[in-house]
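Participant: Handing you this structure, nothing more for now.
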Amino acid sequence: MDQRLADLLQLLELEQLELNLFRGESRDIGSPQVFGGQVLGQALSAAAATVEGRMAHSLHAYFLRRGDCNAPIVYEVDRSLDGRHFSNRRVVAIQHGKQIFNMTASFQVAESGFDHQIPMPQVPAPEALADSAGPPPEVLARLPERVRRFFEQPRPFEFRTVQPIDYLRPRRAAPAREIWFRTVGAVGDDEMLHRRLLAYVSDFFLLDTATLPHGTSILSGAVVMASIDHAMWFHRPLRVDDWLLYAMDSPSASGARGFARASVFARDGRLVASTAQEGLVRMRKDS
């Protein structure tokens, strides 16, 4: 298995300290704090470890404090409900004695019912697009050191952007973007693992969509951005080791907050998940 992917899978496997108490490692991916997707994925791992015979169908989370990349995170799970069809879990992430994150997740017994969905956007297939792991070397050399370090970190996912990204001169554009993504290798058939991996990767690119109408980007150094909350709904079985389309849009930005939402489609057109996020988006006072 590719070492980048093996490292991510290990990151999502938690150490059980006690009943309902787990500990996860942290990784530095080049961002100023622990990557939000890491905490989402690990918290979902902690919740899932306390549920049997049911699959996660939604989560709602809040990011409270910046996480420290150099310290582990402890996850405390509250078994709020085990009903006939649904189980509910509340997870609190703790670091240095303080809550940095909390999440509620719901799990459901497999059932059948009504079935409909919106159509997938008409976009080029991922094979027709260039790899979008980051800017080319000549552009990377001109970016600020903190931004360059982020892109130089090995990634366990491949990305193919439908709309080109100008890293040095972002231009005003409609608040919408589509990106294909998949893991760099196969990860087996465990549906819950695929959902945990999707939770991890869902924090990439999403909030950036709120900056598109304003011709700026967090990469410019002039914008402060931080996730406030994150929600996900899992609709259908999915595989993150085959191409998924992340179709994002930002309906609103106001009050120093940006709001973005997204639909996740399998390449066969099935809507497999939806997600939404609000975050802090403001210009730096010294810019």
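The values are calculated or read from the model by the stated rules, or taken from the named source; none is laboratory data. Predicted, not measured: the structure shown is a model, and the values here were computed from it. Note that each Cβ is placed from the backbone with ideal geometry, even for glycine, and that neighbours are counted across all protein chains shown.
Participant: Here is a check on your reading of the model: is Val109 surrounded by 15 or more Cβ atoms within 10 Å (Cβ to Cβ) and touching a strand residue (DSSP E or B) at 6+ places or on another chain (Cβ under 8 Å)?
Facilitator: Values: surrounded by 15 or more Cβ atoms within 10 Å (Cβ to Cβ): no; touching a strand residue (DSSP E or B) at 6+ places or on another chain (Cβ under 8 Å): yes.
No; evaluated as a whole, the condition is false for this residue.
Participant: Moving to a separate point now. Looking only at the stretch 152-195, how many residues end up being over 18 Å from the mean Cα position of the chain (by Cα), of a type in the set (Gly, Ala, Ser) and over 29 Å from Gln3 (Cβ atoms)?
Facilitator: Total satisfying the criteria: 2.
Participant: Let me ask another. Search the stretch 253-287 for residues being of a type in the set (Lys, Arg) and part of a loop (DSSP other than H, G, I, E, B), and hand back the single one that is farthest from the chain's Cα centre (by Cα).
Facilitator: At the first step, the residues of the stretch 253-287 found to be of a type in the set (Lys, Arg) are 257, 261, 267, 270, 282, 284-285.
When the remaining residues are screened for being part of a loop (DSSP other than H, G, I, E, B), the result is 267, 270, 284-285.
Details: Arg267: 19, Arg270: 19, Arg284: 25, Lys285: 28 Å.
Per the stated criteria, the residue is Lys285.
Participant: Within the stretch 241-252, work out how many residues are touching a helix residue (DSSP H, G or I) at 6+ places or on another chain (Cβ under 7 Å) and either at pLDDT below 95 or in a loop (DSSP other than H, G, I, E, B) (or both). Steps first, please.
Facilitator: Here is the first cut: in the stretch 241-252, the residues touching a helix residue (DSSP H, G or I) at 6+ places or on another chain (Cβ under 7 Å) are 243, 248-250.
Now drop any that are not either at pLDDT below 95 or in a loop (DSSP other than H, G, I, E, B) (or both), which leaves 243.
Final tally of qualifying residues: 1.
Participant: Please find, among Arg79, Arg90, the residue that is in contact (Cβ under 8 Å) with a residue 12 or more places away in the chain and within 21 Å of Glu25 (Cα to Cα).
Facilitator: Working: Arg79 fails: within 21 Å of Glu25 (Cα to Cα).
One residue alone meets the criteria, Arg90.
Participant: Additional query: Can you name the residue in the stretch 256-271 that is among the aliphatic types (A, V, I, L, M) and surrounded by fewer than 23 Cβ atoms within 10 Å (Cβ to Cβ) and, of all such residues, is nearest to Ala56 (Cα to Cα)? Reasoning before the result, please.
Facilitator: Of the residues in the stretch 256-271, the ones among the aliphatic types (A, V, I, L, M) are 256, 260, 262, 264, 266, 271.
Then drop every residue that is not surrounded by fewer than 23 Cβ atoms within 10 Å (Cβ to Cβ), which leaves 256, 266, 271.
Numbers: Ala256: 32, Ala266: 18, Leu271: 16 Å.
Looking at the filtered set, the residue picked out is Leu271.
Participant: Condition first: of a type outside the set (Val, Ile, Thr) and within 19 Å of the chain's Cα centre (by Cα). Now tell me which residues in the stretch 66-89 satisfy that. Show your work before the answer.
Facilitator: We begin by selecting, within the stretch 66-89, every residue of a type outside the set (Val, Ile, Thr); these are 66-72, 75-76, 78-89.
Passing the criteria: Arg66, Gly67, Asp68, Cys69, Tyr75.
Participant: Let me ask something else. Can you find a residue that is β-branched (Val, Ile, Thr) and at pLDDT 95 or above anywhere in the stretch 215-226? Let's see the steps before the verdict.
Facilitator: Step one: filter the stretch 215-226 for residues β-branched (Val, Ile, Thr), giving 216, 218, 223-224.
Still in the list and also at pLDDT 95 or above: none.
No; the residues of the stretch 215-226 include none that is β-branched (Val, Ile, Thr) and at pLDDT 95 or above.
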